[in-house]
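Since the structure comes first, as C-alpha coordinates, the remarks are kept for the end.
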Amino acid sequence: MAPDPNRLDPRDVVARKRDGDELTPAEMEEFVLGYATGRIPDYLAAAFLMAVYLRGLSREETSSLARAMVRSGSTLPLRGVSRPKVDKHSTGGVSDGVTLVFAPLAASLGLAVAKLSGRGLGHTGGTLDKLESIPGFRTDLGAAELERQVEKIGCAVAAQSKDLVPVDGALYALRDATATVASVPLIAASVMSKKLAVGTDLILLDVKAGSGAFMKTPRQAFDLAAACIALSEAWGRPARAAVTDMSQPLGRAIGNALDVAEAVRVLRGEEEGRLRDLSLTFAAEAVSLLTGRPRDEARAAAERALDKGDAAESFARMVAAQGGDARVVEDPWGVLPSAPIRVDVPAPFGYLAGVDAEALGRAAVGLGAGRVHKGDRVDPAVGVEFCATVGDRLGGDRPLAVVHGRDGSSSAIAAERVRAAILVSDEEPAPSPLIHGWLGESPREVTDGAVREP
Ligand code: URA
(Lines give C-alpha, C1' and ligand atoms only; values in the text may rest on other atoms or scores of the structure.)
Protein backbone atom coordinates (compact mmCIF):
# COMPACT_ATOMS: atom_id res chain seq x y z
CA MET A 1 0.00 0.00 0.00
CA ALA A 2 1.32 3.47 -0.90
CA PRO A 3 2.10 5.70 2.12
CA ASP A 4 -0.53 8.36 2.85
CA PRO A 5 1.10 11.73 1.92
CA ASN A 6 -1.04 13.52 4.55
CA ARG A 7 0.31 11.40 7.38
CA LEU A 8 3.60 12.25 9.00
CA ASP A 9 6.27 9.60 8.83
CA PRO A 10 6.66 8.24 12.40
CA ARG A 11 10.38 7.75 11.79
CA ASP A 12 10.69 11.54 11.46
CA VAL A 13 9.03 11.98 14.86
CA VAL A 14 11.49 9.55 16.43
CA ALA A 15 14.43 11.25 14.69
CA ARG A 16 13.34 14.73 15.79
CA LYS A 17 13.05 13.63 19.41
CA ARG A 18 16.34 11.72 19.15
CA ASP A 19 18.00 14.98 18.03
CA GLY A 20 16.48 16.96 20.90
CA ASP A 21 13.85 18.89 18.89
CA GLU A 22 10.52 19.92 20.40
CA LEU A 23 7.62 17.94 18.98
CA THR A 24 4.42 19.72 17.99
CA PRO A 25 1.09 18.71 19.58
CA ALA A 26 0.02 17.31 16.18
CA GLU A 27 3.14 15.12 15.93
CA MET A 28 2.70 13.85 19.48
CA GLU A 29 -0.96 13.07 18.92
CA GLU A 30 -0.46 11.32 15.63
CA PHE A 31 2.34 9.22 17.03
CA VAL A 32 0.55 8.21 20.25
CA LEU A 33 -2.81 7.56 18.61
CA GLY A 34 -1.04 5.75 15.76
CA TYR A 35 0.49 3.44 18.37
CA ALA A 36 -2.84 3.07 20.20
CA THR A 37 -4.57 1.94 17.00
CA GLY A 38 -1.79 -0.47 15.98
CA ARG A 39 -0.62 1.56 12.95
CA ILE A 40 2.74 2.29 14.56
CA PRO A 41 4.65 -0.86 15.52
CA ASP A 42 6.26 -1.61 18.88
CA TYR A 43 9.80 -1.16 17.53
CA LEU A 44 9.17 2.48 16.54
CA ALA A 45 7.33 3.21 19.79
CA ALA A 46 10.24 1.65 21.72
CA ALA A 47 12.70 3.91 19.88
CA PHE A 48 10.46 6.90 20.62
CA LEU A 49 10.32 6.05 24.34
CA MET A 50 14.11 5.75 24.52
CA ALA A 51 14.49 9.11 22.74
CA VAL A 52 12.12 10.66 25.30
CA TYR A 53 13.92 8.93 28.15
CA LEU A 54 17.26 10.38 27.02
CA ARG A 55 16.14 13.82 25.79
CA GLY A 56 13.22 14.53 28.14
CA LEU A 57 10.03 16.41 27.25
CA SER A 58 9.18 20.10 27.68
CA ARG A 59 6.08 21.05 29.70
CA GLU A 60 4.16 21.58 26.46
CA GLU A 61 5.24 18.23 25.05
CA THR A 62 4.31 16.47 28.31
CA SER A 63 0.89 18.12 28.15
CA SER A 64 0.46 17.06 24.48
CA LEU A 65 1.46 13.51 25.43
CA ALA A 66 -1.08 13.40 28.28
CA ARG A 67 -3.79 14.83 26.01
CA ALA A 68 -3.09 12.25 23.30
CA MET A 69 -3.19 9.52 25.95
CA VAL A 70 -6.56 10.74 27.26
CA ARG A 71 -7.85 10.85 23.65
CA SER A 72 -6.93 7.20 23.17
CA GLY A 73 -10.10 6.25 25.08
CA SER A 74 -13.22 7.54 26.79
CA THR A 75 -13.52 9.78 29.85
CA LEU A 76 -15.51 9.43 33.08
CA PRO A 77 -17.08 12.83 33.84
CA LEU A 78 -18.96 11.67 37.00
CA ARG A 79 -21.79 14.12 36.26
CA GLY A 80 -24.20 12.02 38.32
CA VAL A 81 -22.26 12.62 41.55
CA SER A 82 -23.48 15.65 43.47
CA ARG A 83 -20.97 15.76 46.37
CA PRO A 84 -17.58 17.50 45.94
CA LYS A 85 -15.35 14.94 44.21
CA VAL A 86 -11.77 14.20 45.18
CA ASP A 87 -9.28 11.74 43.73
CA LYS A 88 -6.16 10.65 45.59
CA HIS A 89 -3.28 8.85 43.95
CA SER A 90 -0.08 7.39 45.34
CA THR A 91 2.94 6.77 43.14
CA GLY A 92 3.37 3.49 44.99
CA GLY A 93 5.07 2.30 48.14
CA VAL A 94 5.31 -0.45 50.72
CA SER A 95 2.55 -0.90 53.32
CA ASP A 96 0.77 2.06 51.74
CA GLY A 97 -2.82 1.52 52.86
CA VAL A 98 -3.81 5.20 52.66
CA THR A 99 -6.47 4.68 49.97
CA LEU A 100 -8.19 2.00 52.08
CA VAL A 101 -8.54 4.54 54.89
CA PHE A 102 -8.86 7.77 52.90
CA ALA A 103 -11.77 6.77 50.61
CA PRO A 104 -14.26 5.84 53.38
CA LEU A 105 -12.93 8.58 55.67
CA ALA A 106 -13.49 11.29 53.03
CA ALA A 107 -16.93 9.79 52.27
CA SER A 108 -17.88 9.97 55.96
CA LEU A 109 -16.97 13.68 55.84
CA GLY A 110 -19.36 14.40 52.95
CA LEU A 111 -16.99 14.10 49.98
CA ALA A 112 -17.15 11.71 47.03
CA VAL A 113 -14.25 9.41 46.12
CA ALA A 114 -14.51 7.37 42.91
CA LYS A 115 -11.15 5.68 43.11
CA LEU A 116 -9.81 3.79 40.14
CA SER A 117 -6.92 1.76 41.48
CA GLY A 118 -4.25 -0.52 40.17
CA ARG A 119 -2.70 -3.83 41.06
CA GLY A 120 0.67 -4.31 42.69
CA LEU A 121 3.61 -3.20 40.56
CA GLY A 122 7.05 -4.69 41.28
CA HIS A 123 7.73 -4.53 45.01
CA THR A 124 4.79 -2.17 45.71
CA GLY A 125 1.36 -3.32 46.83
CA GLY A 126 -1.88 -2.69 44.94
CA THR A 127 -5.15 -1.50 46.47
CA LEU A 128 -7.26 -3.84 44.30
CA ASP A 129 -5.28 -6.89 45.41
CA LYS A 130 -5.71 -5.83 49.03
CA LEU A 131 -9.48 -5.31 48.77
CA GLU A 132 -9.95 -8.57 46.89
CA SER A 133 -8.68 -10.41 49.97
CA ILE A 134 -12.12 -9.63 51.48
CA PRO A 135 -14.30 -12.61 50.44
CA GLY A 136 -16.74 -11.62 47.68
CA PHE A 137 -15.33 -8.13 47.07
CA ARG A 138 -15.77 -7.09 43.39
CA THR A 139 -13.59 -4.48 41.73
CA ASP A 140 -15.01 -4.75 38.19
CA LEU A 141 -17.67 -2.04 38.49
CA GLY A 142 -19.07 -0.51 35.29
CA ALA A 143 -19.14 3.29 34.95
CA ALA A 144 -22.85 3.61 35.76
CA GLU A 145 -22.61 1.29 38.77
CA LEU A 146 -19.54 3.14 40.05
CA GLU A 147 -21.32 6.50 39.78
CA ARG A 148 -24.48 5.22 41.48
CA GLN A 149 -22.49 3.77 44.37
CA VAL A 150 -20.46 6.94 44.86
CA GLU A 151 -23.60 9.09 44.83
CA LYS A 152 -25.26 6.83 47.41
CA ILE A 153 -22.38 5.90 49.72
CA GLY A 154 -19.71 8.47 48.93
CA CYS A 155 -16.98 6.06 47.86
CA ALA A 156 -16.07 3.19 45.57
CA VAL A 157 -12.73 1.58 44.77
CA ALA A 158 -12.69 -0.19 41.42
CA ALA A 159 -10.41 -1.36 38.63
CA GLN A 160 -9.76 1.11 35.87
CA SER A 161 -11.95 0.27 32.86
CA LYS A 162 -10.21 -0.80 29.65
CA ASP A 163 -11.69 2.23 27.86
CA LEU A 164 -10.02 4.81 30.11
CA VAL A 165 -6.60 5.80 28.69
CA PRO A 166 -6.14 2.39 27.01
CA VAL A 167 -2.80 3.36 25.46
CA ASP A 168 -1.26 3.72 28.95
CA GLY A 169 -1.31 -0.03 29.53
CA ALA A 170 0.40 -0.72 26.19
CA LEU A 171 2.97 2.03 26.68
CA TYR A 172 3.68 0.95 30.25
CA ALA A 173 4.32 -2.65 29.16
CA LEU A 174 6.67 -1.41 26.44
CA ARG A 175 8.48 0.88 28.90
CA ASP A 176 8.86 -2.04 31.29
CA ALA A 177 10.38 -4.13 28.49
CA THR A 178 12.76 -1.38 27.26
CA ALA A 179 14.18 0.09 30.50
CA THR A 180 12.32 3.39 30.00
CA VAL A 181 10.03 3.39 33.04
CA ALA A 182 12.06 5.79 35.18
CA SER A 183 11.47 8.96 33.17
CA VAL A 184 9.78 11.89 34.93
CA PRO A 185 7.69 13.10 31.93
CA LEU A 186 6.64 9.56 31.02
CA ILE A 187 5.58 8.78 34.60
CA ALA A 188 3.83 12.17 34.95
CA ALA A 189 1.88 11.71 31.70
CA SER A 190 1.01 8.13 32.64
CA VAL A 191 -0.20 9.00 36.16
CA MET A 192 -1.95 12.25 35.26
CA SER A 193 -3.67 11.11 32.04
CA LYS A 194 -5.63 8.64 34.19
CA LYS A 195 -6.53 11.37 36.72
CA LEU A 196 -7.38 14.02 34.10
CA ALA A 197 -9.72 11.62 32.30
CA VAL A 198 -11.97 11.50 35.38
CA GLY A 199 -14.12 14.51 36.29
CA THR A 200 -13.09 15.38 39.83
CA ASP A 201 -12.94 18.73 41.63
CA LEU A 202 -9.58 18.05 43.27
CA ILE A 203 -6.66 15.72 42.57
CA LEU A 204 -4.44 14.86 45.55
CA LEU A 205 -1.12 13.23 44.76
CA ASP A 206 1.03 11.33 47.21
CA VAL A 207 4.47 11.28 45.59
CA LYS A 208 6.60 8.87 47.58
CA ALA A 209 10.33 9.32 48.14
CA GLY A 210 12.73 6.81 49.64
CA SER A 211 13.95 3.24 49.61
CA GLY A 212 10.46 1.78 49.05
CA ALA A 213 9.46 4.22 46.29
CA PHE A 214 10.23 4.47 42.58
CA MET A 215 11.73 7.90 43.35
CA LYS A 216 14.57 7.22 45.77
CA THR A 217 15.25 10.83 46.86
CA PRO A 218 12.97 13.74 47.82
CA ARG A 219 14.62 15.78 45.02
CA GLN A 220 13.50 13.26 42.36
CA ALA A 221 10.05 13.08 43.95
CA PHE A 222 9.69 16.88 43.89
CA ASP A 223 10.62 16.86 40.17
CA LEU A 224 7.88 14.30 39.50
CA ALA A 225 5.39 16.21 41.68
CA ALA A 226 6.19 19.44 39.80
CA ALA A 227 5.66 17.71 36.41
CA CYS A 228 2.28 16.36 37.59
CA ILE A 229 1.19 19.73 38.98
CA ALA A 230 2.24 21.45 35.73
CA LEU A 231 -0.05 19.06 33.85
CA SER A 232 -2.98 19.74 36.17
CA GLU A 233 -2.39 23.49 35.72
CA ALA A 234 -2.31 23.15 31.94
CA TRP A 235 -5.69 21.41 32.16
CA GLY A 236 -7.10 23.95 34.64
CA ARG A 237 -7.64 21.16 37.17
CA PRO A 238 -7.03 21.85 40.87
CA ALA A 239 -4.36 19.57 42.28
CA ARG A 240 -2.05 19.36 45.28
CA ALA A 241 0.91 17.04 45.60
CA ALA A 242 2.63 15.99 48.82
CA VAL A 243 6.10 14.48 48.70
CA THR A 244 5.99 11.91 51.50
CA ASP A 245 8.46 9.62 53.19
CA MET A 246 8.84 6.06 51.91
CA SER A 247 12.24 5.39 53.50
CA GLN A 248 10.45 2.74 55.60
CA PRO A 249 7.05 1.00 55.28
CA LEU A 250 4.23 3.45 55.98
CA GLY A 251 2.24 1.04 58.13
CA ARG A 252 3.21 -2.31 59.62
CA ALA A 253 1.42 -4.67 57.24
CA ILE A 254 3.00 -5.70 53.93
CA GLY A 255 0.62 -8.04 52.18
CA ASN A 256 -3.07 -8.04 51.26
CA ALA A 257 -5.35 -9.36 54.04
CA LEU A 258 -2.76 -8.03 56.51
CA ASP A 259 -3.13 -4.53 55.01
CA VAL A 260 -6.93 -4.71 55.15
CA ALA A 261 -6.82 -5.73 58.82
CA GLU A 262 -4.47 -2.84 59.56
CA ALA A 263 -6.68 -0.35 57.66
CA VAL A 264 -9.71 -1.59 59.63
CA ARG A 265 -7.86 -0.92 62.91
CA VAL A 266 -7.07 2.62 61.71
CA LEU A 267 -10.66 3.14 60.53
CA ARG A 268 -11.93 2.02 63.95
CA GLY A 269 -9.63 4.50 65.67
CA GLU A 270 -7.62 1.68 67.25
CA GLU A 271 -4.23 2.36 65.69
CA GLU A 272 -1.94 5.37 65.97
CA GLY A 273 1.05 5.93 63.73
CA ARG A 274 2.15 7.06 60.30
CA LEU A 275 -0.66 5.42 58.29
CA ARG A 276 -3.32 7.15 60.42
CA ASP A 277 -1.41 10.40 60.33
CA LEU A 278 -1.03 10.52 56.53
CA SER A 279 -4.63 9.44 55.93
CA LEU A 280 -5.82 12.24 58.23
CA THR A 281 -3.57 14.74 56.46
CA PHE A 282 -5.02 13.95 53.02
CA ALA A 283 -8.60 13.89 54.33
CA ALA A 284 -8.14 17.26 56.06
CA GLU A 285 -6.56 18.72 52.91
CA ALA A 286 -9.49 17.54 50.78
CA VAL A 287 -12.17 18.77 53.19
CA SER A 288 -10.46 22.09 53.68
CA LEU A 289 -9.87 22.76 49.96
CA LEU A 290 -13.30 21.63 48.82
CA THR A 291 -15.46 23.09 51.58
CA GLY A 292 -13.42 26.07 52.76
CA ARG A 293 -13.20 24.83 56.37
CA PRO A 294 -9.90 25.75 58.06
CA ARG A 295 -7.40 22.87 57.99
CA ASP A 296 -7.23 22.38 61.76
CA GLU A 297 -11.05 22.12 61.95
CA ALA A 298 -11.08 19.72 59.00
CA ARG A 299 -8.41 17.60 60.69
CA ALA A 300 -10.33 17.52 63.97
CA ALA A 301 -13.46 16.41 62.07
CA ALA A 302 -11.45 13.66 60.34
CA GLU A 303 -10.03 12.48 63.69
CA ARG A 304 -13.56 12.30 65.13
CA ALA A 305 -14.74 10.31 62.08
CA LEU A 306 -12.06 7.70 62.83
CA ASP A 307 -12.48 7.68 66.59
CA LYS A 308 -16.30 7.59 66.62
CA GLY A 309 -16.67 4.89 63.94
CA ASP A 310 -18.18 6.97 61.08
CA ALA A 311 -15.31 6.14 58.70
CA ALA A 312 -15.50 2.43 59.62
CA GLU A 313 -19.21 2.49 58.86
CA SER A 314 -18.55 4.03 55.42
CA PHE A 315 -16.02 1.28 54.76
CA ALA A 316 -18.55 -1.40 55.74
CA ARG A 317 -21.14 0.13 53.38
CA MET A 318 -18.62 0.24 50.53
CA VAL A 319 -17.57 -3.38 51.12
CA ALA A 320 -21.22 -4.54 51.21
CA ALA A 321 -22.10 -2.53 48.06
CA GLN A 322 -19.22 -4.22 46.21
CA GLY A 323 -20.32 -7.72 47.25
CA GLY A 324 -17.80 -8.19 50.06
CA ASP A 325 -18.36 -9.53 53.56
CA ALA A 326 -18.89 -6.38 55.64
CA ARG A 327 -18.27 -8.30 58.88
CA VAL A 328 -14.62 -7.56 58.05
CA VAL A 329 -15.09 -4.31 59.99
CA GLU A 330 -16.30 -6.00 63.20
CA ASP A 331 -14.15 -9.10 63.10
CA PRO A 332 -11.40 -8.88 60.43
CA TRP A 333 -9.80 -12.26 61.15
CA GLY A 334 -13.18 -13.98 61.26
CA VAL A 335 -13.48 -13.12 57.58
CA LEU A 336 -10.03 -12.61 56.07
CA PRO A 337 -7.81 -15.52 54.97
CA SER A 338 -4.85 -16.08 57.28
CA ALA A 339 -1.58 -17.83 56.51
CA PRO A 340 -0.83 -21.28 58.03
CA ILE A 341 2.76 -20.45 59.08
CA ARG A 342 3.98 -17.64 61.32
CA VAL A 343 7.65 -17.01 61.94
CA ASP A 344 8.88 -14.36 64.36
CA VAL A 345 12.01 -12.54 63.20
CA PRO A 346 13.91 -11.66 66.42
CA ALA A 347 15.14 -8.09 66.75
CA PRO A 348 18.86 -7.39 67.19
CA PHE A 349 20.04 -4.97 69.90
CA GLY A 350 20.43 -1.29 69.03
CA TYR A 351 18.47 1.51 67.37
CA LEU A 352 16.71 0.90 64.07
CA ALA A 353 18.59 3.40 61.90
CA GLY A 354 17.40 2.54 58.40
CA VAL A 355 15.23 0.18 56.40
CA ASP A 356 15.43 -1.03 52.81
CA ALA A 357 11.66 -0.84 52.28
CA GLU A 358 11.96 -2.16 48.72
CA ALA A 359 13.66 -5.29 50.06
CA LEU A 360 10.80 -5.76 52.55
CA GLY A 361 8.32 -5.39 49.68
CA ARG A 362 10.27 -8.00 47.71
CA ALA A 363 10.27 -10.33 50.72
CA ALA A 364 6.45 -10.13 50.71
CA VAL A 365 6.33 -10.68 46.92
CA GLY A 366 8.55 -13.75 47.40
CA LEU A 367 5.96 -15.16 49.82
CA GLY A 368 3.32 -14.74 47.10
CA ALA A 369 1.77 -11.42 48.19
CA GLY A 370 2.67 -9.79 44.84
CA ARG A 371 3.39 -10.73 41.25
CA VAL A 372 6.68 -11.70 39.64
CA HIS A 373 5.00 -11.94 36.20
CA LYS A 374 1.97 -10.05 34.93
CA GLY A 375 -1.12 -12.17 35.48
CA ASP A 376 0.34 -14.18 38.40
CA ARG A 377 -2.19 -14.92 41.15
CA VAL A 378 -1.49 -13.28 44.47
CA ASP A 379 -1.88 -15.15 47.75
CA PRO A 380 -4.13 -12.90 49.87
CA ALA A 381 -3.08 -14.43 53.20
CA VAL A 382 0.69 -14.11 53.15
CA GLY A 383 2.97 -11.17 53.91
CA VAL A 384 5.18 -9.52 56.47
CA GLU A 385 4.27 -7.53 59.58
CA PHE A 386 7.17 -5.21 60.18
CA CYS A 387 6.89 -4.21 63.82
CA ALA A 388 9.47 -1.41 64.16
CA THR A 389 9.83 2.23 63.11
CA VAL A 390 13.10 4.01 62.41
CA GLY A 391 14.37 5.40 65.72
CA ASP A 392 12.95 2.54 67.82
CA ARG A 393 15.25 0.89 70.34
CA LEU A 394 15.21 -2.79 69.40
CA GLY A 395 16.09 -5.85 71.37
CA GLY A 396 13.29 -6.43 73.89
CA ASP A 397 10.62 -9.12 73.68
CA ARG A 398 9.02 -7.56 70.61
CA PRO A 399 10.08 -9.25 67.35
CA LEU A 400 11.43 -7.17 64.50
CA ALA A 401 8.83 -8.72 62.19
CA VAL A 402 6.39 -11.58 61.84
CA VAL A 403 6.42 -13.49 58.56
CA HIS A 404 3.03 -14.93 57.50
CA GLY A 405 3.86 -17.69 55.02
CA ARG A 406 2.28 -20.52 53.07
CA ASP A 407 5.10 -22.98 53.81
CA GLY A 408 8.28 -23.32 55.86
CA SER A 409 10.86 -22.74 53.15
CA SER A 410 9.36 -19.54 51.65
CA SER A 411 8.82 -18.25 55.20
CA ALA A 412 12.46 -18.90 56.13
CA ILE A 413 13.69 -17.10 52.99
CA ALA A 414 11.44 -14.11 53.76
CA ALA A 415 12.67 -14.01 57.38
CA GLU A 416 16.27 -13.90 56.13
CA ARG A 417 15.42 -11.09 53.71
CA VAL A 418 13.79 -9.08 56.50
CA ARG A 419 16.86 -9.52 58.70
CA ALA A 420 19.09 -8.30 55.87
CA ALA A 421 16.90 -5.26 55.12
CA ILE A 422 17.64 -3.25 58.25
CA LEU A 423 20.43 -1.04 59.49
CA VAL A 424 21.08 -1.00 63.25
CA SER A 425 23.10 1.61 65.10
CA ASP A 426 24.26 2.26 68.67
CA GLU A 427 23.24 5.89 68.28
CA GLU A 428 19.68 7.14 68.12
CA PRO A 429 19.06 8.33 64.52
CA ALA A 430 17.40 11.63 63.65
CA PRO A 431 13.68 11.08 62.87
CA SER A 432 12.69 11.45 59.23
CA PRO A 433 9.72 13.72 58.44
CA LEU A 434 6.53 12.06 57.20
CA ILE A 435 5.89 14.87 54.72
CA HIS A 436 8.76 16.56 52.89
CA GLY A 437 6.56 19.28 51.41
CA TRP A 438 3.56 20.24 49.26
CA LEU A 439 3.22 21.61 45.74
CA GLY A 440 0.22 22.99 43.89
CA GLU A 441 -2.41 25.66 44.12
CA SER A 442 -5.57 25.53 46.16
CA PRO A 443 -8.65 25.07 43.99
CA ARG A 444 -10.46 28.30 43.32
CA GLU A 445 -13.92 26.78 42.94
CA VAL A 446 -15.70 23.46 42.75
CA THR A 447 -15.91 22.57 39.08
CA ASP A 448 -18.83 21.13 37.15
CA GLY A 449 -17.14 17.76 36.76
CA ALA A 450 -16.58 18.11 33.02
CA VAL A 451 -13.32 16.77 31.58
CA ARG A 452 -12.00 19.61 29.40
CA GLU A 453 -8.77 19.51 27.46
CA PRO A 454 -6.36 22.44 27.55
N1 URA B 1 2.44 4.52 37.97
C2 URA B 1 1.82 4.78 36.79
O3 URA B 1 0.60 4.80 36.71
N4 URA B 1 2.60 5.04 35.72
C5 URA B 1 3.94 5.05 35.76
O6 URA B 1 4.55 5.31 34.76
C7 URA B 1 4.57 4.76 36.99
C8 URA B 1 3.80 4.50 38.09
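The values are calculated or read from the model by the stated rules, or taken from the named source; none is laboratory data. Being a predicted model, the structure only gives us computed values, none of them experimental. Here the Cβ is made from the backbone with ideal geometry for all residues, glycine too, and neighbour counts use every protein chain on show.
Can VAL390 be described as of a type in the set (Val, Ile, Thr) and either in contact (Cβ under 8 Å) with a residue 12 or more places away in the chain or in contact with a Leu (Cβ under 8 Å, 6 or more places away or on another chain) (or both)? Criteria met by VAL390.
The helices (runs of 4 or more DSSP H) found wholly in region 309-401 and carrying at least 3 residues that are surrounded by 19 or more Cβ atoms within 10 Å (Cβ to Cβ) occupy 310-321, 357-367. Of all residues in region 138-180, none satisfies the criterion of being polar (S, T, N, Q), within 16 Å of the ligand (Cβ to nearest atom) and not in a loop (DSSP other than H, G, I, E, B). Is it true that some residue in region 349-358 is more than 16 Å from PRO135 (Cβ to Cβ), in the same structural domain as THR127 (by TED's automatic domain parsing) and of a type outside the set (Gly, Ala, Ser)? There is no residue in region 349-358 that is more than 16 Å from PRO135 (Cβ to Cβ), in the same structural domain as THR127 (by TED's automatic domain parsing) and of a type outside the set (Gly, Ala, Ser).
Let's see how each residue does on (1) closer than 15 Å to VAL198 by Cα; (2) within 16 Å of the ligand (Cβ to nearest atom); (3) of a type in the set (Asp, Glu); (4) not in a helix (DSSP H, G or I):
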position	(1), (2), (3), (4)
LEU65	no, yes, no, no
SER74	yes, no, no, yes
GLY80	yes, no, no, yes
HIS89	yes, yes, no, yes
GLY92	no, yes, no, yes
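Somewhere in region 190-208, is a residue within 16 Å of the ligand (Cβ to nearest atom) and out of contact with any strand residue (DSSP E or B) (no Cβ under 9 Å at 6 or more places or on another chain)? Yes, region 190-208 contains a residue that is within 16 Å of the ligand (Cβ to nearest atom) and out of contact with any strand residue (DSSP E or B) (no Cβ under 9 Å at 6 or more places or on another chain).
Quickly run through region 20-51 and pick out the residues that are aliphatic (A, V, I, L, M), over 20 Å from ALA234 (Cα atoms) and part of a helix (DSSP H, G or I). Selection gives LEU33, ALA36, LEU44, ALA45, ALA46, ALA47, LEU49, MET50, ALA51. Screening ARG304 against (1) under 21 Å from VAL266 (Cβ atoms); (2) touching a residue at least 12 places away in the same chain (Cβ under 8 Å); (3) assigned by TED's automatic domain parsing to the domain that holds ALA173; (4) surrounded by fewer than 18 Cβ atoms within 10 Å (Cβ to Cβ) leaves a single unmet condition, (2).
Number of residues in region 370-387 that are modelled with pLDDT of 95 or more and either within 27 Å of TYR172 (Cα to Cα) or among the β-branched types (Val, Ile, Thr) (or both) equals 5. Among the residues making up region 407-424, a single one is assigned to a loop (DSSP other than H, G, I, E, B) and out of contact with any helix residue (DSSP H, G or I) (no Cβ under 7 Å at 6 or more places or on another chain): ASP407. Residues in region 102-137 that are more than 15 Å from the ligand (Cβ to nearest atom) and in a loop (DSSP other than H, G, I, E, B): LEU109, GLY110, LEU111, GLU132, SER133, ILE134, PRO135, GLY136, PHE137. Scan region 24-39 for residues that are surrounded by fewer than 22 Cβ atoms within 10 Å (Cβ to Cβ) and within 30 Å of the chain's Cα centre (by Cα) and the total you get is 8.
Would you say GLY212 is in contact with a Pro (Cβ under 7 Å, 6 or more places away or on another chain) and within 14 Å of the ligand (Cβ to nearest atom)? Spell out the reasoning first.
On the way: in contact with a Pro (Cβ under 7 Å, 6 or more places away or on another chain): yes; within 14 Å of the ligand (Cβ to nearest atom): yes.
Yes: the conditions hold for GLY212.
When each of LEU202, LEU231, LEU275 is tested for being touching a helix residue (DSSP H, G or I) at 6+ places or on another chain (Cβ under 6 Å), touching a residue at least 60 places away in the same chain (Cβ under 8 Å) and either under 29 Å from ARG406 (Cα atoms) or assigned by TED's automatic domain parsing to the domain that holds ALA381 (or both), the lone residue that passes is LEU275.
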